[in-house]
Amino acid sequence: LHYSGMYTGVSGGVDFNRLVNEEKGISVQAGADVKQRVYNNVEEMNNLTLDVRAGVTIADGDNRYRLTGTFGQFRQSGFAQIAPSTPLNSFRDTAGLSAEWKRSFGTRDQMGWSLGLSRPRYLTELTRTQDTDQVALNASWLHVFEGKTNPLIFANFNRSVDKALRPVNEATGAHVGRTNTGLLLYFQFTPFADT
């Protein structure tokens, strides 16, 4: 079904970072983000997202290690399949854990690796077929060239696997499991120092 309508969005966030041991390069981080979208005439599409995170970072010479735990909530009332039945909402909770390693090679090159695990869980019986266990791997390289315009190039390779926990259709075995692979190449330069 097609619907038209204006919506209003609001978002905000806060981050906290504190060095707890300068000698060993240990710091802790925490943060939270909230987003809300409200439609003027399609109330069922209104949604609210809340994400919180906390982690610890260890800086050891040219190496930086970070471990982060995350938790997110998504709320959307959704549409009733047949009025006046109960709306099919999209309530979802997602817990995750990620580990990251970054290494600098001099002042112009940096390599990064990260591994993330997450568990999106839908909270109603009708949407539980969307539950997955997710694994994501990222590898990146950053190089800053010499020059007045500070040119740099960034490359990122990522692969994620979503393993469905149950089929959407018992008869056919269809499920929401999927594998994604991506490559990002990014180039930047600064023609004017103040811009």
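Cross-link reach is defined here as a Cα-Cα straight distance under 15 Å, omitting same-chain residues fewer than 8 places apart; for Lys24 the aspartates and glutamates meeting it are Asp60, Asp62.
Centroid-to-centroid, using Cα positions, the range 1-38 and the range 114-171 are 18 Å apart.
Under Stokes-Einstein, with the Kirkwood radius over Cα pairs as Rh, the value for the chain at 37 °C and 0.692 mPa s is 161 µm²/s.
When the Gaussian network model of the chain links Cα atoms closer than 10 Å, the mean-square fluctuations of Asp51, Asp162, Asp62 top out at Asp62. Straightening the chain between Leu184 and Ile58 buys 42.6 nm, computed as 0.36 nm per residue apart minus the Cα-Cα spacing.
Values quoted throughout were computed directly from the atomic coordinates according to the rules given, and no laboratory measurement underlies them. Since we're looking at a predicted model, the values are computed, not measured.
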